[in-house]
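The values are calculated or read from the model by the stated rules, or taken from the named source; none is laboratory data. It should be emphasised that the depicted structure is a prediction, and the values quoted were computed from it without experimental measurement. A quick note on method: Cβ atoms are made from the backbone with ideal geometry, for glycine too, and the neighbour counts reach across all protein chains shown. Each accessible area value is taken on the protein alone, full model and side chains, heavy atoms only, with ligands, DNA and RNA left out. Shrake-Rupley method; radii C 1.70, N 1.55, O 1.52, S 1.80 Å.
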Amino acid sequence: VLRQLEMKGAIQPVTENPVRYAPHDPEEFFGRYAQTTSTLCRDVARQVKARSRPSERTYVWYYEGQEDVHDKVRGLINEARESVWIKAPDHLIKPYLADLKHAAEQGVQVILVVYGRNVSALKVHPRMQVMPHEGDGIGRGASDVLFTMSTDFSGVIIATHHPAEGVNASYARNRAIVYVVQTLFLHEFYIAEMYAKLGPMLDETFGKELAKLRKKYRPAGMERRVLDGI
């Protein structure tokens, strides 16, 4: 026991034969012990933090409530330096028009795919591109509650403005998720451009609002799941 106390610096030998010990000053011993422990803990904490630091591309962040979702969307628009792509009904885009205008003024590419009757009213800056969804902008079920946005080709946010469950959103920076959503956006742009040039031909071939294709490929109850919050 005495040897262990000596190794820890709590006591020191004062005679050799027989060996006698005297304690170190308690304040000095415990102060040194506390300092050593504190230094060790800081070093361990730094190492653990460095090794376990999560990549922001790994997770999906969840936002709940009108204010939190609104603040996140505004923040993403104002932080954008390259692009802001949005697909949503006009009434969900209008709260962000001032921010979108400012982004366009800063040279950010702003493209909107819009559901609504007065799509052109959203073009508040000459450099903004505003496209009615599939040529007419007519909303269809779940389209009235969904807000999808991608910024700078690095992050996506999808918000649901549910009539019963309120407003919530998921934000991700995972490369695979971002790529898939951006691909969906690009196809929306393609369809909007094709309808602008070939609308009557597409309606004649595939039915009004691509009705034949929707009937062929859409699962039953697909939109109802979103509207019901399933």
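Anything in the stretch 6-19 that is surrounded by 11 or more Cβ atoms within 10 Å (Cβ to Cβ) and over 60 Å from the mean Cα position of the chain (by Cα)? List them, or say none.
Going residue by residue through the stretch 6-19, those that are surrounded by 11 or more Cβ atoms within 10 Å (Cβ to Cβ) are 6, 8-13, 19.
12, 13, 19, listed by residue number.
Consider residue 119 against the criteria (1) over 23 Å from residue 207 (Cβ atoms); (2) touching a strand residue (DSSP E or B) at 6+ places or on another chain (Cβ under 7 Å); (3) among the β-branched types (Val, Ile, Thr): it satisfies all of them except one. Which criterion is unmet?
(1)
Quick check, is residue 101 in contact (Cβ under 8 Å) with a residue 24 or more places away in the chain and either open to solvent by less than 20 Å² (accessible area, probe 1.4 Å) or charged (D, E, K, R) (or both)? Show your work before the answer.
Working: in contact (Cβ under 8 Å) with a residue 24 or more places away in the chain: yes; either open to solvent by less than 20 Å² (accessible area, probe 1.4 Å) or charged (D, E, K, R) (or both): yes.
Yes: the conditions hold for residue 101.
With among the aliphatic types (A, V, I, L, M), part of a strand (DSSP E or B) and within 30 Å of residue 173 (Cβ to Cβ) as the only criterion, which of 111, 93, 77 stands out? Talk me through it step by step, then tell me what you get.
Details: 93 fails: part of a strand (DSSP E or B); 77 fails: part of a strand (DSSP E or B).
That would be 111, the only listed residue that is among the aliphatic types (A, V, I, L, M), part of a strand (DSSP E or B) and within 30 Å of residue 173 (Cβ to Cβ).
Restricting to the stretch 216-230, what's the tally of residues that are of a type in the set (A, V, I, L, M, F, W, C) and either modelled with pLDDT of 85 or more or assigned to a loop (DSSP other than H, G, I, E, B) (or both)?
Filtering the stretch 216-230 for residues of a type in the set (A, V, I, L, M, F, W, C) gives 220, 222, 226-227, 230.
Subsequent filtering for residues that are either modelled with pLDDT of 85 or more or assigned to a loop (DSSP other than H, G, I, E, B) (or both) retains 220, 230.
Within the stretch 216-230, residues that are of a type in the set (A, V, I, L, M, F, W, C) and either modelled with pLDDT of 85 or more or assigned to a loop (DSSP other than H, G, I, E, B) (or both) number 2.
Restricting attention to strands (runs of 3 or more DSSP E) lying wholly within the stretch 121-215, give those where 2 or more residues are surrounded by fewer than 16 Cβ atoms within 10 Å (Cβ to Cβ) and not β-branched (Val, Ile, Thr). It would help to see each step written out before you state the result.
Numbers: elements: 129-132, 146-151, 155-162, 166-172.
Answer list for the stretch 121-215: 166-172.
Mind checking whether some residue in the stretch 133-149 is aliphatic (A, V, I, L, M), at pLDDT 95 or above and touching a Phe, Trp or Tyr at 6+ places or on another chain (Cβ under 8 Å)?
Just the residues of the stretch 133-149 that are aliphatic (A, V, I, L, M), to begin with: 138, 142, 145-146, 149.
Cutting the leftovers down to at pLDDT 95 or above gives us 149.
Checking which are touching a Phe, Trp or Tyr at 6+ places or on another chain (Cβ under 8 Å) leaves us with 149.
The answer is yes, given that some residue of the stretch 133-149 is aliphatic (A, V, I, L, M), at pLDDT 95 or above and touching a Phe, Trp or Tyr at 6+ places or on another chain (Cβ under 8 Å).
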